[in-house]
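The values are calculated or read from the model by the stated rules, or taken from the named source; none is laboratory data. Owing to the predicted nature of the structure, the values given are computational and were not obtained by experimental measurement. Note: ideal-geometry Cβ built from the backbone for every residue, glycine included; neighbour counts use all protein chains shown. The accessibility values were calculated without ligands, DNA or RNA, using every heavy atom of the protein model including side chains. Shrake-Rupley method; radii C 1.70, N 1.55, O 1.52, S 1.80 Å.
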Amino acid sequence: KPQLVASNDRFCRFLEEYCPVVTETYYPTIWCWEGRVQTLLRPFITSRPQVQYRNELIKTADGGQISLDWFDNNDSLYYPDASTRPTVLLLPGLTGTSKESYILHMIHQSETLGYRCVVFNNRGIAGEELLTPRTYCAANTEDLEAVIHHVHSLHPSAPFMAAGVSMGGMLLLNYLGKTGRDTPLMAAAIFSAGWNVFESVESLEKPLNWLLFNYYLTTCLQSSISRHRQMLEKLFDMDLVMKARTVREFDKQFTSVMFGYRTIDDYYEDASPCRKLKSVGIPVLCLNSVDDVFSPGHAIPVEAAKQNANVALVLTSCGGHIGFLEGIWPRKCTYMDRVFKQFVQAIFEHGNKFFSM
């Protein structure tokens with residue numbers, strides 16, 4: 001059974017009644033239960049539901065642009081009026097886009113419930129051009145604030161919440177820690193967030209984890225910026241950036257410099273959501289597996305979560321990083337997908353009962 005950590009009894013009762021999956025036993029796929037195996041296999045095993053997006057490019061205050069992919073769900077039977085159709089903002093992981101299988105599954109789950117989705121693609125990652133020499137990081141929430149304001153202004157009468165995965169979850173938590181209750185979001189769901197970046201990079205630098213994950217992730221980061229080399233060379237020694245062999249080296253040469261941090265430690269401290277958890281002002285459900293090498297179990301801020309009545313943690317013993325595979329042949333639906341579907345539905349359909357408790 002997952003461990004449910006929440007200091008707020010009414011939040012617990014609300015979850016037990018309307019999101020019962022968080023109290024049910026999670027049975028990981030028996031032939032790939034180990035965390036690293038789950039992490040590696042999920043992208044290859046899970047299906048990729050067909051989703052037709054409508055792309056929108058929005059301008060930013062510094063002259064840049066952000067690519068949003070909309071799933072409008074105009075055929076929604078439950079919410080035929082687009083002005084009041086519930087909207088879910090989805091934030092992918094570090095180098096992820098709207099094409100990731102876990103994002104497609106979230107949209108598929110939302111479609112069956114009649115909701116609209118919009119995917120926030122980080123700058124320069126989804127095929128659009130970089131108009132300024134700036135990308136993104138887990139600590140800087142300016143682009144996310146712009147996107148939330150934009151989406152809310154388009155549909156001010158629609159119930160609105162967000163879900164973030166991995167770095168997307170970290171960014172969303174850092175935004176919520178900064179804004180408190182001053183946000184149009186009703187609630188948020190966070191999956192496989194790295195709570196303490198120092199602990200995350202240390203775990204990823206262990207020899208086997210470096211071989212399986214760190215080196216590949218570093219090459220993905222380098223690949224995502226190499227397309228914009230001409231723009232970025234105005235500010236960076238790109239040859240040096242391309243020599244990085246770990247995420248830490250990449251962040252030291254590129255990310256921390258781009259966002260004006262004096263040292264990489266300053267950046268990692270600012271990027272760690274565990275330091276902002278006490279300021280979160282809306283209901284947030286966070287799912288982590290304690291065998292996630294990207295977010296080690298000992299670094300999950302259980303005590304800090306107990307200090308904030310708006311926060312609930314769901315901790316499984318297995319599941320890896322964005323894995324949570326279950327069943328003999330786990331192609332369709334993961335435990336994470338079921339948590340997402342039930343929590344989003346609980347907030348949109350029964351949230352008034354929770355907020356009036």
What does the charge count near Ala158 come to, summing +1 for each Lys or Arg and -1 for each Asp or Glu among other residues with Cβ under 11 Å from its Cβ?
-> +1
Two-site label geometry, Arg227 and Tyr78: point separation in nm, points 7 Å out along Cα→Cβ = 3.4
When all protein chains stay in place, what accessible area (Å², nearest 10, 1.4 Å probe) is found for Lys99?
-> 130
How much net charge surrounds Glu24 when only other residues with a Cβ under 11 Å from its Cβ are counted (Lys, Arg +1; Asp, Glu -1)?
-> 0
Cα Rg, Dmax (largest Cα-Cα span) when computed across the chain, Å = 19.2, 57
Once Phe236, Phe355 are ranked on solvent-accessible area with the largest value leading and a 1.4 Å probe, the list reads Phe355, Phe236
For segment 197-271, diffusion coefficient by Stokes-Einstein and Kirkwood Rh (Cα), 4 °C, 1.567 mPa s, µm²/s | 102
Summing +1 for each Lys or Arg and -1 for each Asp or Glu, what net charge is found among the other residues whose Cβ lies under 14 Å from the Cβ of Pro86?
-> -1
Loop trypsin sites (Lys or Arg not before Pro), segment 136-243, which have at most 11 other Cβ atoms in a 10 Å radius of their Cβ (DSSP) = Arg181, Lys234
List the relative contact order of segment 225-311 as a percent without decimals, with contacts defined as Cα pairs under 8 Å and 6+ residues apart.
-> 21
222 nm mean residue ellipticity, helices alone, for the chain (DSSP H n ≥ 4; -39,500 (n - 2.57); rounded to 500) | -10000 deg cm²/dmol
Determine the relative contact order of the chain: mean sequence separation of Cα pairs under 8 Å and six or more apart, normalised by residue count, in whole percent.
-> 27
How big is the accessible area of Cys137 in square angstrom, nearest 10, if you roll a 1.4 angstrom probe over the protein chains?
-> 10
Accessible area of Arg54, 1.4 Å probe, to the nearest 10 Å²?
-> 100
Across the Cα atoms of segment 1-149, what radius of gyration and what greatest pairwise Cα-Cα distance (Dmax) are found, in Å?
-> 18.2, 50
